Amino acid sequence: MSRLGHTIKAALLQVHSIAGLVIALLLSLIALTGVIMSFEDEIVDHLNAGIMQVAPQMTPALLPDELVARLKAVPDAGKVAAIMLSSDPSAAVHVRFARDEQGARPSSLYVDPYDGHVLGVPRGEEFFATVRRLHRWLLIPGDAKGWGRQITGFAALGLIVMLISGLVLRWPRRASSVKVWLKPNLGLSGRGLYRSLHAIIGTWVLPVYLVMTLTGLWYSFDWYKGGVAWLLSRPQVAAAKMQSKQPRPAGRAEPAQPVGFDRAWSTLQHEESGGFARAQLTLPAGPGTVMRIRSWPKDSTLESMRDEFRVDAVSGQVISAERYADKTLGDKAIAGVLDIHRGAVMGWPGKLAFMIAAALMPLFAITGVLLYLSRRKLHRPAQQPLGRLVPGE
């Protein structure tokens, strides 16, 4: 290797080491919280199997507004923000509530669709909500509007730097040998073992970590999100979304009207005449009347495989409709960022692989720190003063 090559490699080693020491603990925390959430849906469904199902009845289910009206008698229920309805006659209705004046959100409830009585509060919901806030925002006040969002984003950028520099540093002379790339030398000990494990673990997890970081940055930086959307989305769709967000003319305030679920629910049943598995109806957060509706077809296997509507809750008019089947590959990738981030696009094997990769982050960080300490120990004798006297001289 030339002198310039040695200089570049030494500089990359310094960058790699410093970045690792600065963010190793933070990356381990983010990774381990991701491990906990890997199979969140399956865990929550198992914990709440007893309150998510009801005995089907011959009488028709209550309309959404009647369900909401009956919930007003429940103490500390709060204001309903969204409801999840299902085409399965044995499925309970999942009701979510808006935040109160202090910013706290009451626990959601499962409700019997036939008589409106409360079946119970889902177990595990608060736990996973806290883990999610720790994973995304480090529990820093402000959540998505606080500094935690940017800190996790910079940690992801740091991980990308470490992955690229680590790949360059470990590039073997026999690059075509699969054994050199993927098989650790467990016969070594000390620094040699640390280096072998660090390099091989890094090779194993590099593709997964790249996917995790590139999709995780979507939630940290608006400039990154906008750039990805511009790159992958259809120009006419992006323009339509921009147009739909144009402010209303001043001086034309909408009259206050009661907003309920029934009219939008009827519209959805007409629009999805082919059937759907479940649908979530979300009331507008502000004074408007446009409700967001998401519906999942019966053959959907991913959270992102859904149709989305904007419906005027008073008139029942469809303002916009985005059907998953009509989306381009780029639009589907944008809609499925979370599914890609957690490996769900490859089914449960993908989620398991991503979970294992995330669980290896602490081991990967520990071997890196041990390598750094052993390297300092090796260089320490060379830094002794030249004029040091030896007894007897």
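Each reported figure results from applying straightforward, stated rules to the coordinates on display, with no laboratory input. Note that the coordinates shown come from a computational prediction; the quantities given were computed from them, not determined experimentally. For neighbour counting, all protein chains shown are included, and Cβ atoms are generated from backbone atoms with ideal geometry for every residue, glycine included.
Quick notes on this structure:
- Ala73 paired with Thr7, simple spin-label distance in nm, labels 7 Å along Cα-to-beta-carbon: 8.2 nm
- In degrees, nearest ten, helix 191-216 long axis to first principal axis of the chain (Cα): 30 degrees
- Shape class for segment 262-304: oblate, because the ratio a/c of the largest to smallest gyration tensor axis (alpha-carbon atoms, square roots of eigenvalues) is 1.5 or more and b/c is at least a/b.
- Efficiency of FRET from Cβ geometry, Lys225 and Ala325, R₀ 22 Å, rounded to 0.05: 0.35
- Top of Ala81, Ala264, Ala358 by mean-square fluctuation, Gaussian network on the chain, Cα under 10 Å: Ala81
- With each label modelled as a point 7 angstrom along the Cα→C-beta vector, the Glu126-Phe154 pair spans 3.3 nm.
- Taking the charge dipole of the chain about its Cα centre, with +1 at Lys and Arg Cβ atoms and -1 at Asp and Glu Cβ atoms, the residue from Thr7, Ile319, Leu371 reaching farthest to the positive side is Thr7.
- Here the calculated FRET efficiency for Ser189 and Ala104, from their Cβ-Cβ distance with R0 = 56 Å, stands at 0.55, rounded to the nearest 0.05.
- Anisotropy class of segment 1-136 from Cα gyration tensor, a/c 1.5 cut: prolate
- Residue (of Val228, Gly216, Ile201) at the positive-pole extreme of the chain, dipole from beta-carbon charges: Ile201
- Degrees between helix 222-232 axis and first principal axis of the chain (Cα, 0 to 90, nearest 10): 80 degrees
- Simple rule: put +1 on each Lys or Arg Cβ and -1 on each Asp or Glu Cβ in the chain, find the dipole, and look at Ser189, Met346, His135; the Cα lying farthest toward the positive end is Ser189.
- Angle in degrees between helix 148-169 and the longest Cα principal axis of the chain, rounded to the nearest 10: 40 degrees
- The chain - mean residue ellipticity at 222 nm from DSSP helices (-39,500 (n - 2.57) per run, n ≥ 4, rounded to 500): -15500 deg cm²/dmol
- Gyration tensor (alpha-carbon) shape descriptor, segment 40-104, a/c threshold 1.5: oblate
- Label zone at Val178, where the point sits 7 Å out along the Cα-to-Cβ direction: segment 320-361 residues whose backbone N lies under 19 Å: none
- 3J(HN,Hα) along segment 346-360, derived from phi through the Karplus expression 6.51 cos²θ - 1.76 cosθ + 1.60 where θ = phi - 60°, amounts to 9, x, 5, x, x, 5, 5, 5, 5, 5, 5, 4, 5, 5, 7 Hz, with x in place of Gly and Pro.
- Peptides ranked, highest mean first, by Cβ atoms within 10 Å: ranges 335-344, 60-69: 335-344, 60-69
- Value of relative contact order over the chain, rounded to a whole percent, pairs C-alpha under 8 Å and six or more apart: 19 percent
- Restricting the trypsin sites (Lys or Arg not before Pro) of segment 66-130 to loop positions (DSSP other than H, G, I, E, B) with no more than 16 neighbouring Cβ atoms within 10 Å leaves Lys72, Lys79, Arg99, Arg123.
- In this structure, Leu32 and Leu167 have a Cβ-Cβ separation that, at R0 = 25 Å, corresponds to a calculated FRET efficiency of about 0.55.
- Ser266 versus Leu21: modelled label distance in nm, points set 7 Å from Cα along the beta carbon direction: 6.9 nm
- Estimated at 0.36 nm per residue, the fully extended path between Ile356 and Leu214 surpasses their Cα-Cα distance by 49.3 nm.
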